[in-house]
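The values are calculated or read from the model by the stated rules, or taken from the named source; none is laboratory data. Just so you know, these numbers come straight off a predicted model, no measurement behind them. Cβ: placed from backbone, ideal geometry, glycine included. Neighbour counts: every protein chain shown. Side chains are part of the model used for accessible areas, which takes the heavy atoms of the whole protein and leaves out ligands, DNA and RNA. Shrake-Rupley method; radii C 1.70, N 1.55, O 1.52, S 1.80 Å.
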Amino acid sequence: MFAPRSTRRAWLTLLLAAVPTLGLGWVQAHTPIDAENQALKAPTGPDADALARRVSTFGGDHALVLGFHVVVPGTAGGSVPNAGVAALARSLRGIHGVAAVDTLPSPSPSVHLLLVSLAHDARSAVFADTVHQVENEARARCPAGLGVEVTGVPAVELAIAQAVAQEQRWMVPAIAVALFLVLLSVYRRLGLALAALVPAAVAISWSGGLYALLGHRLDPVAALLQPVLLTVGVAYSVHLVDGFLRRAHRVGAPLAVERTARDLLLPATLACGTTVAGFLVNAVSPIPAVATFATYAGFGVALTSAAAFWLVPAALVAWTGGRLPAAPRLCCNLGLVGWMSRYAPAVGLLALVAGVWGGRACFGLRVDNDPLRVLPPRHPLRQDTDALAARLGGVELFDVLVPASSRLTDPSELRLLAAAIAGRPGVAGLAGAPRLAATGDLLLSGILPRSGSTERERLFDAMSTELRLRGRDEALVTGSAVQIARDSNRLVRGQLFGFGLTLAVLWLVMAWGLRSWRLGLLGLVPNVLTCLLVYGAMAAADRPVSVATALIGTVMLGLVVDTTIHVLERFRRARRHGARRAPAVASAMHRAGRAVTVTSLVLVVGFAVAACGRLETTIEFGLLAATTIVVAYVVSMTLLPALLLMRREAAQ
């Protein structure tokens, strides 16, 4: 059913899988980048509608800010020569994709500011070229004695997209090499280590290839797909390889693979179902990047599980041959279980205290997303942005759109509104005079200092509230900065709902698979405690939740529950065959313990390598994921046996 009966058939199976895998892998390697990070913005909703109205009336709000400052003392009396900057401005207006070049008010004669607005109909095909041309032209034709800094939302978005693509090119091979070395050190045979990597390679190539063929572009969230599938795929294969080693020294490769696959079919299916559920909960996210990541991750995990039962048996038959030495198991005898039984109440009480602490600490979690933090501190764009923001108080813009029908278009009312905006805490000032459209609508633009998404969302909400209180709710606070801040926080807060939904789905899957609602509920306890401890520690350390770390709760909950599934399934089988509680726990830990340990080690190493990246998103995700796996392993291997030994009714 699962294993080819001969080496020739095994090789044929692997070759048949290799052809589409290599083809889709080539397509995946050429996935275009999302230069504007459009997938990170909700396409519908009040903020998207307000931004669409602003774009239709005034054009796109994609604008670059160029700051010129004196670097040679004595240049033009310490002030920026306007003639040289004006000549540069004329040159910039001739670049394809540039809609306008305007001068912004400057706080000092030693600083001159240009606002370069990009055409609102520019698409990614020309977007990157336009940004690069503006930056290169500004640096090449900068007047003598002056320095120039280039920043703005378009430059930040493009830099993030390009950095993500560069990160992925080295990260996936690095994780693959690290996992291969771990597997080789554990199994000490080349064929076994390679066999464990096969399903992950298939899942990455097929999922990534379909992702590119269906027109998706690479964004910071999608960049997590390959490392996750690689790590999860290897972890799934470990159970097959470990079970194979337990039998191959007695019956030979084909029969050992066949029996192992049959033995693991149910727990592996349940583990796959819970992991897929953990991903798919995020498929309802209003943020396209998150919904797409969740969909393809769920598909990739299901494909990994199928490939494990299809290709790992073939690889084991083709690459191992002969009989192998038996694999050592994690020692768990009745004496150890008796010791665990005596201290089970203490373990349960300690877990309860830890859970209460983690739950209370979670109320102190704060949300904060700063897109610029994704880039390394030494990235030229981040340094330019920080330097210019220090001189001006801020560089990003937001808008207040005043319809022609509003009384705020009256000059006196408009002056009061402009003064209120400029004087509000959290606003560095106005970005020039109000703009008037042919429709009669007005646009006021303000400058934002460097801050996180939560602080900005509060600012925008306060401004909207003030407009409503004045009876001027027809005026709209809008712009890309507004939508980015609100979408980021909406995504993170939505994970709370997703976490609860994931718990319900996981319980249903486990209760159905284990034929016991009690065992299904019991399997959730160690994993919920893990999430409470991890997020509680983040709150205690005053680490904010970002877009990357917000996904940990639902994604990791679906992943780390696999450990409890394998242990509980072994326990259920032993009880079904008449074993008492203590022998059943000993049998479950003895049979599943080594594979669970190796699986956790593989997951930790894979995510730890991801944490060695340069981008904040991959570093945060990798560190928190690795920490979550370690905590989940310790909790599952201590608390779960204690719960099984404490509650007789949960063992039936």
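Tally the DSSP beta bridges in the chain and give the antiparallel ones as a percent, rounded to 5.
Percentage antiparallel, nearest 5: 95.
Please give the net charge around Asp542, taking every other residue with its beta carbon less than 14 angstrom from that of Asp542, where Lys and Arg add +1 and Asp and Glu add -1.
So the environment of Asp542 carries a net charge of +1.
Output the direction-averaged projected area (hull surface divided by four) of the convex hull of the alpha-carbon atoms of the range 188-291, in nm².
Computing the convex hull of the Cα atoms and averaging its projections yields 7.9 nm².
Calculate the dipole size of the chain relative to its Cα centre from +1 charges on Lys and Arg beta carbons and -1 charges on Asp and Glu beta carbons; express the result in debye to the nearest 20.
Roughly 3620 debye, rounded to the nearest 20.
Could you state the angle between the C-alpha long axis of helix 616-646 and the longest principal axis of the C-alpha atoms of the chain, as a value from 0 to 90 degrees rounded to the nearest 10?
Relative to the chain, helix 616-646 is tipped by roughly 30 degrees.
Projected onto the charge dipole of the chain (+1 at Lys/Arg Cβ, -1 at Asp/Glu Cβ, origin at the Cα centre), which of Leu179, Leu639, Val353 gives the Cα projection farthest towards the positive end?
It is Leu639.
Just from the alpha-carbon atoms, what are the Rg and Dmax of the chain in angstroms?
In Å, with Rg to one decimal and Dmax whole: 29.0, 94.
Rounding to the nearest 10 and keeping the result within 0 to 90°, find how far the Cα-based axis of helix 517-540 lies from the longest principal axis of the chain.
Compared with the principal axis, the helix lies near 40 degrees.
What value, in deg cm²/dmol to 500, does the helix sum -39500 (n - 2.57) over DSSP H runs of n ≥ 4 give at 222 nm once divided by the residues of the chain? Please list the in-between numbers first.
On the way: 20 runs with 430 residues, N = 652.
Mean residue ellipticity at 222 nm (helix-derived): -23000 deg cm²/dmol.
Where does each of Val630, Val148 land when they are ordered by accessible area, with a 1.4 Å probe and the largest first?
I get Val630, Val148, largest accessible area first.
Counting Lys and Arg as +1 and Asp and Glu as -1, what is the net charge of the other residues whose Cβ lies under 9 Å from the Cβ of Val156?
Net of charged neighbours comes to -1.
Using a probe of 1.4 angstrom, how much of the accessible area of the chain is carbon and sulfur, in percent?
It is 63 percent, rounded to a whole number.
Local charge sum around Leu270 (other residues, Cβ-Cβ under 9 Å, Lys/Arg +1, Asp/Glu -1)?
Details: positive: none; negative: Asp562, Glu569.
My count for the surroundings of Leu270 gives -2.
Stokes-Einstein diffusion coefficient for the range 341-427 at 25 °C in a medium of 0.890 mPa s, Rh from the Kirkwood formula over Cα pairs: what value in µm²/s?
For the chosen part, D equals 130 µm²/s.
Which value in Å is the Kirkwood Rh of the range 141-212 over different Cα pairs?
Details: mean 1/r = 0.0626 Å⁻¹.
Roughly 16.0 Å, rounded to one decimal.
For the chain, with every protein chain kept in place, what is the accessible area per residue (1.4 Å probe, Å²)? Display every interim value, and only then the final one.
Numbers: 26170 Å² over 652 residues.
About 40 Å² of surface per residue is accessible.
Of all trypsin sites (Lys or Arg not before Pro) in the range 123-177, which ones are in loop regions per DSSP and have a Cβ with at most 11 other Cβ atoms within 10 Å?
Passing sites in the range 123-177 are Arg123.
Working from Cα positions, state the angle (0 to 90°, nearest 10) between the long axis of helix 46-58 and the longest principal axis of the chain.
Its long axis makes an angle of about 40 degrees.
Kindly write out, for the range 264-270 in residue order, the coupling ³J(HN,Hα) from the Karplus curve 6.51 cos²θ - 1.76 cosθ + 1.60 (θ = phi - 60°), rounded to whole Hz, with x marking Gly and Pro.
9, 4, 5, x, 5, 5, 5
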